[in-house]
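Chemist: Got a structure for you, questions after.
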Amino acid sequence: MALAVSDQLIHKAAWLYYTHGLRQDEVARRLDISRASVAMYLRKARETGIVNISISTQLFSQDVLARELEDAFGLTGVWVVPQPAEVAALAASVFLGLVRRGDRVGVAWGRTVYAMADEMAFADLQDVAVVQLCGNLGAPYSYRPDQCTTEIARRLNAKGLNFYAPLVLTSEGLAEQLRREPVIGEQLASVEACSLALFSVGTVDQESHIVTCGALSPAEMEALRGEGAAGVVAGQVIDGGGRLLDCGYNRRVISADLGSIRGIPRRMVVVQEDSKLKPLQAALAGGFCSHLVVTSAMARRLLGEHRGATP
């Protein structure tokens with residue numbers, strides 16, 4: 001089992017103080033807590049044996065992986081679970097811990113995001129708004145963008161702001177015209193006001209959501225891979241460096257500007273499937289993630305490839 005979310009600050013404070021050699025005031029600034037809290041957490045770490053490396057490695061190996069991922073990719077918070085089936089439940093708990101009163105929360109779509117919503121405890125955050133980040137799908141999936149946004153808003157007892165526009169238009173000209181519509185333009189521009197984002201990353205193979213929903217054919221997706229496509233964020237195709245791929249498909253998409261998503265202070269990415277290594281690497285390279293929930297297998301693969309690529 002991973003450490004409880006409420007206990008993770010103890011582990012992070014101990015990691016920064018004992019492993020990285022930061023002073024207590026530096027740890028306090030890094031974690032945005034008081035110096036007195038740091039001293040208390042370090043005392044608890046000593047009392048529970050977390051600072052004993054032999055015990056820590058044995059009992060909290062998942063959290064050691066999490067700290068190493070934070071260091072490697074400059075992330076604010078990482079949570080690691082042993083099995084894919086545990087991802088949605090932990091991610092739901094982490095997400096609730098990240099939501100603050102008055103937040104505007106941007107939500108993209110996907111099977112994992114909807115599974116999270118289904119696991120999420122009910123809260124009463126009436127001053128929170130949950131905003132759909134991209135246009136909708138015509139196919140009757142339970143994890144459509146509007147369904148994900150609505151269910152998360154319901155769990156939070158928050159205001160849900162759905163995006164009543166298609167994800168993909170038939171032509172670039174039509175998509176450009178729709179973006180200029182005042183209602184659509186206002187909603188796209190409002191993403192910059194979000195303080196928290198929640199999404200997963202999509203693959204660029206035949207199992208990709210944008211293939212199975214009919215937005216692209218398998219042959220068209222294969223052609224995009226030949227042009228450098230590596231993953232999907234909020235319905236848009238990115239390359240291996242996390243940049244928006246210059247292609248006709250992206251110009252037909254109605255979705256939040258990737259720069260706006262990247263500018264949201266807290267960006268939580270949840271990945272359940274082992275097949276999403278390359279898309280996740282692309283999202284990390286593009287700066288789309290500040291908080292991450294993954295399996296231990298994915299964590300080890302990320303670290304292994306990162307260390308192999310780092311001189």
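The values are calculated or read from the model by the stated rules, or taken from the named source; none is laboratory data. All figures in this text were calculated on a predicted structure; none of them were measured in a lab. Cβ placement follows ideal geometry from the backbone for every residue including glycine, while neighbour counts extend to all protein chains displayed.
Chemist: At positive phi, in contact with a strand residue (DSSP E or B) (Cβ under 6 Å, 6 or more places away or on another chain) and among the hydrophobic types (A, V, I, L, M, F, W, C): which single residue out of Ala215, Ala197, Ala229, Ala234 fits that description?
Modeler: One residue alone meets the criteria, Ala234.
Chemist: Hey, among Ala28, Ala72, which residue is more than 24 Å from Arg155 (Cβ to Cβ), assigned to a helix (DSSP H, G or I), modelled with pLDDT of 85 or more and assigned by TED's automatic domain parsing to the domain that holds Gly242?
Modeler: Only one candidate passes the filter, namely Ala72.
Chemist: Sticking with this one: If you scan region 105-122, which residues turn out to be under 16 Å from Leu167 (Cα atoms) and aromatic (Phe, Trp, Tyr)?
Modeler: Trp109
Chemist: So which residues in region 265-282 are of a type in the set (A, V, I, L, M, F, W, C) and in contact with a Phe, Trp or Tyr (Cβ under 9 Å, 6 or more places away or on another chain), if there are any at all?
Modeler: Result: Met268, Val269, Val270, Ala282.
Chemist: Right, something else. Please specify each residue of region 41-52 satisfying the condition of being over 21 Å from Thr76 (Cβ atoms) and either in a helix (DSSP H, G or I) or modelled with pLDDT of 85 or more (or both).
Modeler: Within region 41-52, Arg43, Lys44, Arg46, Glu47, Thr48 meet the criteria.
Chemist: How about region 102-113: which of its residues are out of contact with any Leu (no Cβ under 6 Å at 6 or more places or on another chain) and modelled with pLDDT of 90 or more?
Modeler: Passing the criteria: Gly102, Arg104, Thr112, Val113.
Chemist: List the pairs whose first member sits in region 71-92 and is closer than 18 Å to Ala117 by Cβ, whose second member is among the acidic types (Asp, Glu) and buried (at least 18 other Cβ atoms within 10 Å of the Cβ), and whose Cβ atoms are under 6 Å apart, counting only residues at least 6 apart or on separate chains?
Modeler: Close Cβ pairs satisfying both conditions: none exist.
Chemist: Within region 93-136, take every residue that is of a type in the set (Val, Ile, Thr) and not in a helix (DSSP H, G or I) and give me the one that is farthest from Glu151 (Cα to Cα).
Modeler: Only one residue tops the list, namely Val99.
Chemist: Based on what the data block shows, is Leu198 at pLDDT 95 or above, surrounded by 20 or more Cβ atoms within 10 Å (Cβ to Cβ) and in a helix (DSSP H, G or I)?
Modeler: no
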